[in-house]
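The values are calculated or read from the model by the stated rules, or taken from the named source; none is laboratory data. If you're wondering where the values come from, they're calculated on a predicted model, not measured in any experiment. Cβ: placed from backbone, ideal geometry, glycine included. Neighbour counts: every protein chain shown. Heads up: the accessible areas ignore ligands, DNA and RNA and are worked out on the full protein's heavy atoms, side chains in. Shrake-Rupley method; radii C 1.70, N 1.55, O 1.52, S 1.80 Å.
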Amino acid sequence: FFYSTKFKAGKKGKVEAGVVITGKVFIGKNTLVKNGSRIEGPAFIGENCVIGPGAFIRPNSFISSNCVVGNSS
């Protein structure tokens, strides 16, 4: 999936200050990535998700829509 020519990096959701993103990462609309999180691409995060705070998304991760990863409080 990640090495397909159709996969494009992009941020349609909200990324708070203090988030580290490296590599090719897609973040879907209405997704919130909270401060202190780290995402290493290639990675895909779907729509309506909450990531972190302090979550670590490793390379080659695929997170579907409507998911919560890490402590979301």
May I ask you to list pairs of residues, at least six apart or on different chains, whose Cβ atoms are under 7 Å apart, with the first in the range 9-25 being at negative phi and the second being polar (S, T, N, Q) and in a loop (DSSP other than H, G, I, E, B)?
Gly13/Asn30; Gly13/Thr31; Glu16/Asn35; Ala17/Asn35; Val19/Asn35; Val19/Ser37
Top-ranked residue in the range 1-19 [being assigned to a strand (DSSP E or B) and modelled with pLDDT under 95; ranked as most open to solvent (accessible area, probe 1.4 Å)]:
Lys11
